[in-house]
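The values are calculated or read from the model by the stated rules, or taken from the named source; none is laboratory data. Quantities reported herein were computed from a predicted structural model and do not represent experimental measurements. A quick note on method: Cβ atoms are made from the backbone with ideal geometry, for glycine too, and the neighbour counts reach across all protein chains shown. Please note that ligands, DNA and RNA were not included when accessible areas were found on the heavy atoms of the full protein model with its side chains. Shrake-Rupley method; radii C 1.70, N 1.55, O 1.52, S 1.80 Å.
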Amino acid sequence: MKLPLSDNLVAAMQKDTGSGDVSPSHVGRVRHRRRPNETATDGNRANGTVLLVSDQNKYKSMLIRTYSSLWMIGGFVFVVYMGHLYIWAMVVVIQIFMATELFNLLRRSSEEKQLPGFRLLNWHFFFTAMLFTYGRFLSRELVNTVTSDHLLYKLVSGLIKYQMFICYFLYIAGFVWFILTLKKKTYNYQFKQYAWTHMILLTVFAQSSFTVANIFEGMFWFLLPASLIVINDIAAYLFGFFLGRTPLIKLSPKKTWEGFIGASVTTIISAFLLANVMGHFQWLTCPRKDLSTGWLTCDPGSMFKPEHYFLGDWVPQWFPWKEVFLLPVQWHALALGLFASIIAPFGGFFASGFKRAFKIKDFGDSIPGHGGITDRMDCQMVMAVFAYIYHQSFISPHNFSVDTILDQIVRNLTYEEQKSLYQQLGEIFRERQFMQS
C-alpha cells in the first residue's frame with residue numbers, strides 16, 4: 001500500500017522536473033522535452049517546413065495530380081482543336097468559376113440571410129463587366145460575322161456603337177440597387193463586399209481579357225504562352241519532387257530552388273522548340289477576324305517563314321548538322337519562355353500570400369490535387385498580359401493596313417455612309433483610269 005505522502009512527493013517531482021525519471025507505474029503518462037540534439041525522424045526540415053522530398057504521402061499526391069492534369073490537358077487539346085470560339089467559351093467558364101471562388105472568400109451566411117438578393121447584385125456587376133470587356137475586344141469579329149444579314153448587321157452595329165453607354169447604364173443601375181439595399185446593421189459587411197466585388201472584376205477581367213485578345217490575334221499567341229506555364233508548373237513539381245532540398249520562398253514552403261532552376265531551363269528550351277512546331281500550322285498562326293468556326297488559311301507572314309542559318313565554325317567537325325532552318329518567331333519565343341520561368345511564378349507566390357492572409361489552403365476544390373480554378377490560373381493571367389503586350393510591341397505591325405482601315409470603317413460609319421464612301425472611291429478610280437488612258 002502506497003502512502004499519500006509518497007504520491008504527493010512524486011507529483012511534486014514531476015511538476016518540478018518534467019523529466020522521465022519517474023516510473024510510469026507511479027505517475028501514468030509523462031511528457032518528455034525534446035533535447036537539443038534530437039531531430040525530427042519523419043523527414044528533413046528546413047526553416048521549420050517539411051520539404052516535398054520527405055513527405056510520406058507525396059506519391060499518393062503525385063498520382064492524384066497526374067490524373068487530374070491528364071484530364072485537363074486532354075480537355076484543353078480538344079477545345080483548341082474545336083477552334084477560337086470554343087476557346088473563348090472556355091475562358092468565360094473559367095472566369096465564372098474564378099469569380100465564384102473569390103466571391104465565397106468573404107461570404108458570411110449569417111449576414112446574407114438578412115440581405116436577400118445581395119449575391120445577385122455581385123453577378124450583375126460581373127456580367128456588366130463581361131459585356132463591357134468583350135464588347136471592346138471583339139467588336140470587329142462580331143460585325144464581320146453578321147455582315148450577310150442586313151437587319152442583324154444594323155442591330156449589332158448599333159449595339160457596338162452604344163455599347164459603352166449601355167454598360168455604364170447597367171453599372172449605374174447596380175450602383176443604385178446597392179444603395180437601396182443598405183441596411184443599418186450590415187453597412188460594414190455590405191461596403192466590404194462592394195469593394196471586394198470590384199477587386200474581383202479587376203483581377204478576373206483586366207487580365208483574362210488579354211487572353212481573348214491573344215486568341216483572335218492568332219491561336220499561336222494564346223497556346224504557346226499557356227503551354228509554357230503548364231510546362232513550367234509540371235517541371236517545377238517534378239524537379240522539386242525528386243531533387244528538392246533548398247526552400248525557395250516562405251510564402252510557398254514546398255517550392256524549392258532545385259525545382260525553380262530545373263523548370264526555368266526546361267521552359268526556355270521548350271519555348272524555342274514548341275514555337276517551331278506550332279509555327280508550321282496555319283490553324284494556329286492565322287488571326288481570326290470573325291466568330292465563325294471554319295478552317296483558316298492565310299499568308300503566315302515573315303515571322304512564320306523559315307530562315308536559313310549556316311553554322312560553319314560555330315560547331316565542331318563531327319557535328320552532323322552544318323545548317324539549320326529556324327522560324328524568326330522562335331527568337332521571340334525565348335523571351336516568352338524567360339518570362340514564363342522567371343516572372344510568371346510570382347503570380348503563384350502572390351496567390352500563396354493571398355491565401356495565407358485568408359488562412360485557407362486553396363481557393364476551391366474543383367480540381368483534385370490542384371485546388372480550385374483560381375489556383376491554376378494565377379500564373380496564366382500574368383503570362384497572358386505579357387504575351388499581349390509583347391505581341392503588340394514587337395510583333396504586330398504598327399503601320400496602317402487594309403484590314404485596319406476596313407475595321408475602322410465598319411465600326412464607325414453607318415451603312416449609308418459606307419455606301420457613300422464606296423461610291424466616292426469608285427469615282428476616284430474612274431478618274432485615275434481616264435487620266436492614265
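Just one of the numbered conditions (1) over 20 Å from ASN232 (Cβ atoms); (2) part of a loop (DSSP other than H, G, I, E, B) is not true of MET303; which one?
In the conditions (1) over 20 Å from ASN232 (Cβ atoms); (2) part of a loop (DSSP other than H, G, I, E, B), MET303 misses (2) alone.
For the condition surrounded by 17 or more Cβ atoms within 10 Å (Cβ to Cβ) and β-branched (Val, Ile, Thr), what is the one hit in ILE87, ILE73?
Working: ILE73 fails: surrounded by 17 or more Cβ atoms within 10 Å (Cβ to Cβ).
Going through ILE87, ILE73 in turn, just one is surrounded by 17 or more Cβ atoms within 10 Å (Cβ to Cβ) and β-branched (Val, Ile, Thr): ILE87.
Has the range 212-232 got any residue that is under 30 Å from ARG107 (Cα atoms) and either modelled with pLDDT of 90 or more or under 17 Å from the mean Cα position of the chain (by Cα) (or both)? It would help to see each step written out before you state the result.
So the first thing to find is which residues in the range 212-232 are under 30 Å from ARG107 (Cα atoms), and the list is 212.
So of that shortlist, the ones also either modelled with pLDDT of 90 or more or under 17 Å from the mean Cα position of the chain (by Cα) (or both) come out as 212.
Within the range 212-232 (the criterion being under 30 Å from ARG107 (Cα atoms) and either modelled with pLDDT of 90 or more or under 17 Å from the mean Cα position of the chain (by Cα) (or both)), the answer is yes, since at least one residue qualifies.
Of the conditions (1) open to solvent by 40 Å² or more (accessible area, probe 1.4 Å); (2) touching a residue at least 60 places away in the same chain (Cβ under 8 Å); (3) in the same structural domain as LEU334 (by the TED database), TYR415 clears all except one; give me its number.
Answer for TYR415: the failing condition is (3).
In the range 87-136, which residues are of a type in the set (D, E, K, R) and out of contact with any Lys or Arg (no Cβ under 7 Å at 6 or more places or on another chain)?
GLU101, ARG107, ARG108, GLU111, LYS113, ARG119, ARG136
Yes or no: the range 223-230 includes at least one residue that is assigned to a helix (DSSP H, G or I), touching a residue at least 60 places away in the same chain (Cβ under 8 Å), under 30 Å from ALA129 (Cα atoms) and not aliphatic (A, V, I, L, M).
Within the range 223-230, one or more residues are assigned to a helix (DSSP H, G or I), touching a residue at least 60 places away in the same chain (Cβ under 8 Å), under 30 Å from ALA129 (Cα atoms) and not aliphatic (A, V, I, L, M).
Taking the stated definitions as given, is ASP378 closer than 30 Å to LEU106 by Cα and outside any helix (DSSP H, G or I)? Give the derivation first.
Numbers: closer than 30 Å to LEU106 by Cα: yes; outside any helix (DSSP H, G or I): no.
No.
Would you mind telling me which numbered condition in (1) crowded, with 17+ Cβ neighbours inside 10 Å; (2) over 22 Å from TYR390 (Cβ atoms); (3) among the hydroxyl-bearing types (Ser, Thr, Tyr) SER341 fails?
Just one mismatch for SER341, condition (2).
Residues checked against (1) outside any helix (DSSP H, G or I); (2) among the hydrophobic types (A, V, I, L, M, F, W, C):
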| site | (1), (2) |
| --- | --- |
| ILE94 | no, yes |
| THR100 | no, no |
| LEU115 | yes, yes |
| LEU121 | no, yes |
| THR128 | no, no |
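Quick check on this structure: which one of PHE434, PHE394, PHE386 is over 28 Å from CYS286 (Cα atoms) and either part of a helix (DSSP H, G or I) or in contact (Cβ under 8 Å) with a residue 24 or more places away in the chain (or both)? If you could, list the steps in order and put the result at the bottom.
Details: PHE394 fails: over 28 Å from CYS286 (Cα atoms); PHE386 fails: over 28 Å from CYS286 (Cα atoms).
Going through PHE434, PHE394, PHE386 in turn, just one is over 28 Å from CYS286 (Cα atoms) and either part of a helix (DSSP H, G or I) or in contact (Cβ under 8 Å) with a residue 24 or more places away in the chain (or both): PHE434.
Kindly indicate the residue of the range 100-120 that is open to solvent by less than 90 Å² (accessible area, probe 1.4 Å) and within 24 Å of the chain's Cα centre (by Cα) and also modelled with the lowest pLDDT among those meeting that condition.
LEU106
Among the residues of the range 304-333, what is the count of those that are open to solvent by less than 100 Å² (accessible area, probe 1.4 Å) and either within 30 Å of CYS286 (Cα to Cα) or charged (D, E, K, R) (or both)?
In the first step, residues of the range 304-333 are kept if they are open to solvent by less than 100 Å² (accessible area, probe 1.4 Å); the result is 304-309, 311-312, 315-316, 319-320, 322-324, 326-330, 332-333.
Next cut, either within 30 Å of CYS286 (Cα to Cα) or charged (D, E, K, R) (or both) only: 304-309, 322-324, 326-330, 332-333.
Matching residues across the range 304-333 total 16.
Inspect the range 144-166 for any residue being closer than 30 Å to ARG107 by Cβ and either at pLDDT 90 or above or in a helix (DSSP H, G or I) (or both) and give the result as yes or no.
Pass one, the range 144-166, residues closer than 30 Å to ARG107 by Cβ: 166.
Checking the rest, the ones that are also either at pLDDT 90 or above or in a helix (DSSP H, G or I) (or both) come to 166.
Yes: one or more hits.
Please indicate, with yes or no, whether at least one residue in the range 347-367 is in contact (Cβ under 8 Å) with a residue 60 or more places away in the chain, surrounded by fewer than 15 Cβ atoms within 10 Å (Cβ to Cβ) and either of a type in the set (Asp, Glu) or not in a loop (DSSP other than H, G, I, E, B) (or both).
Taking the range 347-367 and keeping what is in contact (Cβ under 8 Å) with a residue 60 or more places away in the chain, we get 348-349, 352-353, 356, 358, 360, 363-364, 366-367.
Within this subset, residues satisfying the condition of being surrounded by fewer than 15 Cβ atoms within 10 Å (Cβ to Cβ) are 353, 356, 358, 360.
Now narrow it down to the ones that are either of a type in the set (Asp, Glu) or not in a loop (DSSP other than H, G, I, E, B) (or both): 353, 356.
Scanning the range 347-367, I find at least one residue that is in contact (Cβ under 8 Å) with a residue 60 or more places away in the chain, surrounded by fewer than 15 Cβ atoms within 10 Å (Cβ to Cβ) and either of a type in the set (Asp, Glu) or not in a loop (DSSP other than H, G, I, E, B) (or both), so the answer is yes.
Can you tell me how many residues within the range 292-303 are touching a residue at least 60 places away in the same chain (Cβ under 8 Å) and surrounded by 17 or more Cβ atoms within 10 Å (Cβ to Cβ)?
1
For TYR309, all conditions in the list (1) without any contact (Cβ under 8 Å) to a residue 60 or more places away in the chain; (2) in a helix (DSSP H, G or I); (3) out of contact with any helix residue (DSSP H, G or I) (no Cβ under 7 Å at 6 or more places or on another chain) hold save one; what is the number of the exception?
Here TYR309 meets the rest and fails (2).
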